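Enquirer: Here's a structure for you.
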Amino acid sequence: MGAGGRMTEKEREKQELLGRAGAGEIFQRAPTDKPAFTLAQIKKAIPPHCFQRSVIKSFSYVVYDLVIIASLLYAALVWIPALPAMQQLGAWPLYWAAQGCVMTGVWVLAHECGHHAFSDYLLLDNILGLVLHSCLLVPYFSWKYSHRRHHANTGSLEHDEVYVPKKKEALPWYTPYIYNNPVGRLGYIVVQLTLGWPMYLALNTSGRPYPRFVCHYDPYGPMYSELERAQVFISDAGVLAVSLALLKLASAFGFWWVVRVYGVPLLIVNAWLVVITYLAHTHPALPHYDSTEWDWLRGALATMDRDLGVLNRVFHNTTDTHVAHHLFSSIPHYHAMEATKAIKPILGEYYQLESNPLAKATWRSAKECIYVQPEDRKGVFWYSNKF
């Protein structure tokens with residue numbers, strides 16, 4: 001056991017129940033006791049240079065991704081149309097998949113700007129993040145502020161901002177008919193992958209409840225403070241400018257040209273965002289806490305690292321260093337792997353990693369993580385699917 005990896009006896013006794021739904025998979029729930037280590041002790045284990053940001057190195061990743069995007073775009077505009085019709089049918093999906101993945105990497109770099117992890121210059125981070133996120137139709141400042149509150153309240157049933165699980169009594173009557181059969185579950189996954197991200201931005205779907213309607217594009221919504229509203233307007237202007245540019249391209253080259261070249265890769269970006277965030281915070285091994293038990297450190301540790309193989313590099317290690325990111329969000333991605341390796345011995349069983357195939361993990365979470373309920377300890381909630 002690692003230093004600080006304590007579990008209650010009742011949790012240990014329940015390990016045989018952790019292989020769910022006959023999948024033959026045994027995993028260990030994260031400990032829920034207050035850790036024996038502190039945040040300062042975790043930070044001390046990380047080499048100091050991991051907290052250093054290099055504007056040159058950070059920009060090298062932006063340039064690298066943009067060069068690949070430009071090359072793929074050139075292929076889509078010049079090479080693919082020159083292919084025979086049957087070969088085009090195979091080439092376009094390859095373009096969409098590759099471009100969508102690389103664009104997701106750009107999204108991650110803009111996200112890094114939002115955490116002030118890109119450079120030592122906040123203004124530079126915000127300008128670059130605004131440009132990159134706007135090009136992906138993301139309201140940069142609006143999401144930056146809601147995402148910051150997610151980091152401040154991870155694992156809290158009352159105050160977390162996204163993928164906040166419901167209690168059983170709060171579920172609508174039709175829930176068992178959707179999640180407890182394969183067809184309904186597949187439909188839920190498809191809707192989440194295609195519409196989940198824009199629905200969250202526009203309608204706060206899967207977000208925490210507010211006293212009135214919440215939208216990331218509304219500067220006067222309850223999600224934002226007076227000091228944040230001007231920057232929400234700027235975010236809206238950025239998304240509007242890119243939208244108008246897309247309309248001009250559509251009028252010049254046709255609607256379906258824009259869909260083929262930009263729209264489908266953007267749908268893939270949105271799908272990856274949903275998968276990455278959903279699986280990082282939705283797993284039977286991860287606890288949630290109400291206000292009687294929640295504290296920042298245990299909430300930040302209630303996250304999951306995930307190995308995506310070659311895509312780890314494409315996505316700038318956003319999935320396989322997620323735990324370290326929630327502990328120290330200003331660490332640049334190019335130091336995050338070293339930081340993760342350094343903190344594992346300190347975290348012990350508090351560190352969670354999954355390497356299951358993506359489709360299997362998504363299906364398992366959609367099947368088993370329907371609502372949360374307390375078990376042996378009041379204030380600590382675990383996912384369940386029993387009706």
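Enquirer: Can you figure out the FRET efficiency of TYR121 with GLU338, using R₀ = 30 Å and their beta-carbon distance, to the nearest 0.05?
Expert: About 0.80, to the nearest 0.05.
Enquirer: Solvent-accessible area per residue for the range 50-384 at a 1.4 Å probe radius, Å²? Don't skip to the answer; put the middle values down first.
Expert: Numbers: 14800 Å² over 335 residues.
With the other protein chains kept in place, the range 50-384 gives 44 Å² per residue.
Enquirer: Also, quick follow-up: Projected onto the charge dipole of the chain (+1 at Lys/Arg Cβ, -1 at Asp/Glu Cβ, origin at the Cα centre), which of CYS113, LEU171, ALA36 gives the Cα projection farthest towards the positive end?
Expert: Towards the positive end, the residue furthest out is LEU171.
Enquirer: Right, next: Give me the percent of the accessible area of the range 50-384 that comes from carbon and sulfur atoms, probe 1.4 Å, all protein chains in place.
Expert: 70
Enquirer: Measure off 7 Å from each Cα along the Cα-to-Cβ vector at PHE51 and VAL191, then give the distance between these two points in nanometres to one decimal.
Expert: 4.5
Enquirer: Out of [x] 26, 58, 15, 0; [y] 19, 43, 25, 11, 2; [z] 28, 52, 19, 1, which label holds the value of P(r) over Cα pairs in 20 Å bins from 0, in percent that was computed here?
Expert: Matching the structure shown: [x].
Enquirer: Going by Cα centres, the range 197-255 and the range 179-195 are how many Å apart?
Expert: Here the answer is 25 Å between Cα centres.
Enquirer: Dipole of the range 274-387, Cα-centred, from +1 at each Lys and Arg C-beta and -1 at each Asp and Glu C-beta, to the nearest 20 debye? Walk me through the numbers before you get to the answer.
Expert: Numbers: 11 positive and 12 negative charges, 53 e Å.
Value, rounded to 20: 260 debye.
Enquirer: Need one value: the accessible area of TYR188 in square angstrom, 1.4 angstrom probe, rounded to the nearest 10.
Expert: In the full protein context, TYR188 sits at about 50 Å².
Enquirer: Still on this model: Where in the range 237-269 is the amide nitrogen less than 19 Å from a point lying 7 Å along the Cα-to-Cβ axis of VAL78?
Expert: 261-262
Enquirer: To the nearest 20 debye, what is the magnitude of the charge dipole of the range 50-384 about its Cα centre, counting +1 on the Cβ of each Lys and Arg and -1 on the Cβ of each Asp and Glu?
Expert: I would put it at about 560 debye.
Enquirer: While we're looking at this one, here's another question. When DSSP beta bridges are limited to those with both residues in the chain, what percentage is antiparallel, rounded to the nearest 5?
Expert: Details: 7 of 11 bridges.
So the antiparallel bridges in the chain amount to around 65 percent.
Enquirer: Summing -39500 (n - 2.57) over the DSSP H runs of n ≥ 4 in the chain and dividing by its residue number, what mean residue ellipticity at 222 nm do you reach, to the nearest 500 deg cm²/dmol?
Expert: Value at 222 nm, helices only: -16500 deg cm²/dmol.
Enquirer: How big is the gap, in Å, between the Cα center of the range 56-87 and the Cα center of the range 97-148?
Expert: Cα centres, the range 56-87 to the range 97-148: 20 Å.
Enquirer: Output the DSSP H helices from the chain with an along-axis C-alpha extent of no less than 24 Å and a mean Kyte-Doolittle hydropathy no less than 1.0.
Expert: Helices passing the filter in the chain: 55-74, 182-203, 229-253, 264-281.
The values are calculated or read from the model by the stated rules, or taken from the named source; none is laboratory data. Predicted model, so just to flag it, every value in this text is computed and none were measured. Virtual Cβ from ideal backbone geometry, glycine too; neighbours counted across all protein chains shown. Ligands, DNA and RNA are stripped out before the accessible areas are found, and what is left, the full protein with its side chains, is counted by its heavy atoms. Shrake-Rupley method; radii C 1.70, N 1.55, O 1.52, S 1.80 Å.
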